[in-house]
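*Asks:* Mind looking over this structure? Questions follow.
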Amino acid sequence: MIILQPRPAAEEYSELAARACAEAARRREPVLLSYACDADVLDALRLYRQSAALGRDAVYWEQPSHGRALVAVGAATSVTLRGPRRFADAAAAWRALAGGAIAGDRRDIVALAGFAFAADGERAAHWSAFGDGALTVPELLYRCDGGRARVTLSVMVQPGQAADDVRFPISALLETPGALPSPASAPVPMGQRDTVSADAWGRAVTALTAEIETGRVEKVVLAREVALRSQQAVDETEALARLRRGFPATTVFAFRRGSACFIGATPERLVRVEGRRVRAMCLAGSARRGADEQDDAAQGAALLADAKERREHQLVVRAITDALRPLCRDLDVPAEPVLLRMPNVQHLSTPVEGTLDHEASVLDLVERLHPTPAVGGTPRAEALRLIHEHEPFDRGWYAGPVGWMDAGGDGEFVVAIRSGLIRGDEARLFAGCGIVAGSDPAREFEESSMKLRPMLWALGQS
């Protein structure tokens, strides 16, 4: 059992509440009030599981190998984002909320956000709860980093509200058992089908390589959607527990909105901002892991020497550095990629680091970077047009940016790949491949199947 009971220090809390009420009255509009205090280091996934009993939206975010975790429950306030200006609208909304907030330490004011891959039309019914994007300041945030944990409670204070009447909607997070499920000894079989047949997907690859040969586009990322149905409700926490255990070097995440939950374990950071320091990752080019150490080394060496994969990777490096360089006074870009080895796949990876020379928040950088050629293609506009033409399904938040930010503009967003949407007894999984000159349909289909395996495994299907 996990019991989380933040107890605000009466004197500090009363002073903050009085300030928030005075500010709300002066502005004649609601004001965000956040109170934070130290907390015990807890199991973030158990805390997320317990949040389900509250019947509220929640977010789980953990980087197991780095000892970082966030759990967000409920919404003190939330902004639904729609249309092509969704990043700019999110940044403006966050500046207004955070800029006028009352808090003991502004670094404790945190919002969680997620965005669809594209805002190019109506969302499919199963993505309706997510929209083109959403930014939420949770009622309760548990945050752990480097062995130190904090809990932040937030509420919107209304004009005319008295300080004595200000109460946090969540003052304790459940007192019910929160044990994680044990991996099922006999997973429940799930029916499985591709939204698009293998033959149709192969024809789309062929059509895209023909477009590339014209010179109008260099790369297009084509995705597959696999739909699964179970005989019982799918437990996203069991899937998350498997992902955390099997892929500790990734960012394991879950965004639960209404009856749907978007989960994944992504190896791909889009951007992280800490003060003036900015870090991004260029990730493109893939190969399987070897059957043994010798085979694994051979697969890695072949990937590093593969002209097609190197060309695809360099497109991503070029796009990310072009997006960041105007904002940075220095940018460190290694000349050669390295291998990023995951349990089931290895990728070409180039880390990029720089120092910001202009005022820019993490959301400003997300807008400049998304979508990178790793998940969209290049040139961007033409690649997105071809994706819309050849993918007969809604990606939703798959391959979109998901992450968090604080009041100072710091934060981190990852690219939501190796992911899936769970609704009741259904799950939809996604995987994409970069199509460039020389792409072979059979090889690309095999690569996409390899990328689907982590989520299939998390659901007990492989």
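*Asks:* Give the span of the range 49-155's Cα atoms along each principal axis, as three whole-Å numbers ordered largest to smallest.
*Replies:* Its Cα atoms span 43, 32, 28 Å along the three principal axes.
*Asks:* Could you work out the pair-distance distribution P(r) of the chain from its alpha-carbon pairs, with 10 angstrom bin width and percents rounded to whole numbers?
*Replies:* That works out to 4, 20, 31, 26, 13, 5, 1, 0, in percent per bin.
*Asks:* Please list Lys219, Lys451 in order of solvent-accessible area, largest first, computed with a 1.4 Å probe with all protein chains present.
*Replies:* Lys451, Lys219
*Asks:* Counting alpha carbon pairs within less than 8 Å and at least 6 residues apart, what relative contact order, in whole percent, applies to the chain?
*Replies:* 22
*Asks:* What number comes out for accessible area per residue over the chain if the probe is 1.4 Å? Units Å², please. Please list the in-between numbers first.
*Replies:* Values: 18700 Å² over 462 residues.
That works out to 40 Å² per residue.
*Asks:* What's the angle, to the nearest 10 degrees (0 to 90), between helix 307-324's Cα axis and the longest principal axis of the chain?
*Replies:* The helix 307-324 is inclined about 30 degrees to the chain.
*Asks:* Please list His313, His126 in order of solvent-accessible area, largest first, computed with a 1.4 Å probe with all protein chains present.
*Replies:* Most to least solvent-accessible, the answer reads His126, His313.
*Asks:* Residue by residue, what Karplus-based ³J(HN,Hα) values in Hz, rounded to whole numbers, does the range 224-236 have, using 6.51, -1.76 and 1.60 with θ = phi - 60° and x for Gly and Pro?
*Replies:* 10, 10, 10, 9, 10, 9, 10, 8, 8, 4, 7, 8, 5
*Asks:* Which residues in the range 275-308 have a backbone N closer than 15 Å to a point placed 7 Å from the Cα of Glu353 along the Cα-to-Cβ line?
*Replies:* Only 275-282 fall inside the zone, counting backbone N under 15 Å.
*Asks:* Continuing with the same structure: What is the percent carbon and sulfur in the accessible area of the chain, measuring with a 1.4 Å probe over the protein chains and ignoring ligands?
*Replies:* Percent of accessible area from carbon and sulfur atoms in the chain: 48.
*Asks:* Can you give the calculated 222 nm mean residue ellipticity of the chain, where each DSSP H run of n ≥ 4 adds -39,500 (n - 2.57) and the sum is split over every residue, rounded to the nearest 500 deg cm²/dmol?
*Replies:* Taking each H run of at least 4 residues, the total per residue is -9500 deg cm²/dmol.
*Asks:* Need the C-alpha centroid separation for the range 210-247 versus the range 336-350, integer Å.
*Replies:* The two parts, judged by their Cα centres, are 18 Å apart.
*Asks:* Using modelled amide H (1.01 Å from N, peptide plane; none on Pro or chain starts), what sits under 5 Å from the amide H of Ala116, excluding residues fewer than 5 places away?
*Replies:* Distant-sequence amide H within range of Ala116: Gly133.
*Asks:* Could you tell me which residue out of Gly264, Gly300, Gly246 lies farthest along the dipole of the range 232-326 toward its positive end? Charges go on the beta carbon: Lys and Arg +1, Asp and Glu -1, centred on the Cα centre.
*Replies:* Gly264
*Asks:* Can you tell me how much longer the chain between Arg85 and Arg107 gets when fully stretched, taken as 0.36 nm per residue apart minus their C-alpha distance, in nm with one decimal? Please list the in-between numbers first.
*Replies:* Values: separation 22, 0.36 × 22 = 7.92 nm, distance 2.65 nm.
Net length gain for the segment: 5.3 nm.
*Asks:* Would you mind checking which residues have amide H under 5 Å from Cys328's amide H? H placed 1.01 Å from N; only 5 or more apart, or other chain.
*Replies:* Close amide H contacts, sequence-distant or interchain: Asp357.
The values are calculated or read from the model by the stated rules, or taken from the named source; none is laboratory data. Worth saying up front: this structure is predicted, and the values here are computed from it rather than measured. Here Cβ is always computed from backbone atoms with ideal geometry, including for glycine, and neighbour counts include all displayed protein chains. Just so you know, the surface numbers come from the protein's heavy atoms only, side chains and all, with ligands and any DNA or RNA stripped out. Shrake-Rupley method; radii C 1.70, N 1.55, O 1.52, S 1.80 Å.
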